[in-house]
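Encoded as structure tokens, the structure appears first; notes follow it.
The values are calculated or read from the model by the stated rules, or taken from the named source; none is laboratory data. Nothing here was measured: the structure is a model prediction, and the numbers come from that model. With ideal geometry, Cβ positions are generated from the backbone for all residues, glycine too; neighbour counts draw on all protein chains shown. Surface accessibility is based on the protein's heavy atoms, side chains included, excluding ligands, DNA and RNA. Shrake-Rupley method; radii C 1.70, N 1.55, O 1.52, S 1.80 Å.
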Amino acid sequence: MDINNLIRQEIRRQDGYYAGAVSCRIKLDANENPFTLSPSLKDALFEAMKGVSFNRYPDPGSPVIRERFARYYGVQPDMVMIGNGSDELIQILCTVLMDEKSTVMVPVPTFVMYRIIAMNAGRVVVEAPLETPDFDLDVGAMLDRIGSAAPALVFISYPNSPTGNCFNEKKIETVIAHSKGIVVIDEAYGNFSGKTLLPLLEKYDNLVVLKTLSKVGLAAMRVGFLIGRASFVRELDKVRLPYNINSLSQIAAAFYLDHQTFFMDQVAEVVRRRHDLCEALKRVKGIHPYPTEANFILFQCDVDSDVIHRKLIESGILIKNLNSSGVLKNCMRVTVGNQEENEAFLQALKNAAGG
Ligand SMILES: Cc1ncc(COP(=O)(O)O)c(C=O)c1O
């Protein structure tokens, strides 16, 4: 008996998402914050964690941080659900849909986990290509899919990964207004754009907003937020595993709110370095960066990006190679690093690209 035969075909057919398969001295592939905690803040966090009763389960539903983050985002606590990273919240959204025929619409290119999670949940994924060359939403294509496939769930990353841009707000509103399903605005990179569509929650019943602490310095803690209508959040909450946020992560999330100035100063520093890195990239021969409002930069190479990627790895630098046929041909994405990382990356890129 081959027990693998018991696994659904769509899972057996896919490769899965293997993060961090290659390790390098300089890691600029996962859009993390390049700055860690200061030694004194690290001590303060560890001190707070010492109080944890390690023999006890965490607070189910993370009520304390749920309340505090609700205030932080300016919404009611019953509108917030906390996930083990926003990945878990995306998974819960895909799980609760009506039936296996429910479709999920994603613009392409976008965050690949929408597609993978939706497929693993047994959903049919419908793609709507972005406009070229500026990667804005193609509203015509999206309305066309809404008409033909009636997606139960639509994912919109704002800013979008890997392209880095924020889609036009009016276009997003048109999609929300015409959608017969739930529209998820994923603001994983919202701190770097300084923009949010949270106020639209008052206008549209079918809107859900996602946030995360992963891009602002606490990726290791795995804390994400879903904000939406209270009645909808109540239903989603039935699917959440009771102890999804461990006690240490709950403490770290509260710590984030207690030290907002520290974390927001780091965001401002990343935004400054993003500008410098983008300008420097424009000066590298054969490299063409796209405008960005996130903590990473998409760029296109005149030569084969597989070759450049390999040479960068040989220099100890890991970025994301997105090379594929279509709009991301010879494209790569680099996370904005600290000064030393950015300089090392630029030098290695110049060497690799011959510029
Ligand atoms: C657009 C987008 N949404 C969500 C996530 C997942 O974030 P988390 O670490 O909170 O699961 C990522 C991670 O890279 C992302 O790029």
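List of remarks:
- For region 189-209, filtered to residues that are buried (at least 19 other Cβ atoms within 10 Å of the Cβ) and farther than 18 Å from residue 254 by Cα, the residue that is farthest from the ligand (Cβ to nearest atom) is 201.
- Lone unmet requirement of (1) assigned to a helix (DSSP H, G or I); (2) open to solvent by 30 Å² or more (accessible area, probe 1.4 Å); (3) within 12 Å of the ligand (Cβ to nearest atom) for residue 90: (2)
- Qualifying positions in region 210-228 - open to solvent by 20 Å² or more (accessible area, probe 1.4 Å) and within 19 Å of residue 102 (Cβ to Cβ): none
- Residue within region 190-210 that is more than 28 Å from residue 148 (Cβ to Cβ) and among the charged types (D, E, K, R) present: yes
Yes/no matrix, rows are residues, columns are (1) under 26 Å from residue 252 (Cβ atoms); (2) part of a loop (DSSP other than H, G, I, E, B); (3) hydrophobic (A, V, I, L, M, F, W, C):
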| residue | (1), (2), (3) |
| --- | --- |
| 60 | yes, yes, no |
| 72 | yes, no, no |
| 100 | no, yes, no |
| 106 | no, no, yes |
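- Residue 132 passes every criterion in (1) within 15 Å of the ligand (Cβ to nearest atom); (2) at pLDDT below 95 apart from (1).
- Qualifying residue in region 54-63 (condition: open to solvent by 50 Å² or more (accessible area, probe 1.4 Å) and under 30 Å from residue 313 (Cβ atoms)): no
- Residue count for region 331-355, restricted to those that are open to solvent by less than 40 Å² (accessible area, probe 1.4 Å), more than 21 Å from residue 293 (Cα to Cα) and without any contact (Cβ under 8 Å) to a residue 60 or more places away in the chain: 2.
- Filter result for residue 244 (surrounded by 15 or more Cβ atoms within 10 Å (Cβ to Cβ) and within 14 Å of the ligand (Cβ to nearest atom)): yes
- In region 2-13, the count of residues that are among the basic types (Lys, Arg), away from the ligand (no atom under 16 Å from the Cβ) and assigned by TED's automatic domain parsing to the domain that holds residue 196 is zero.
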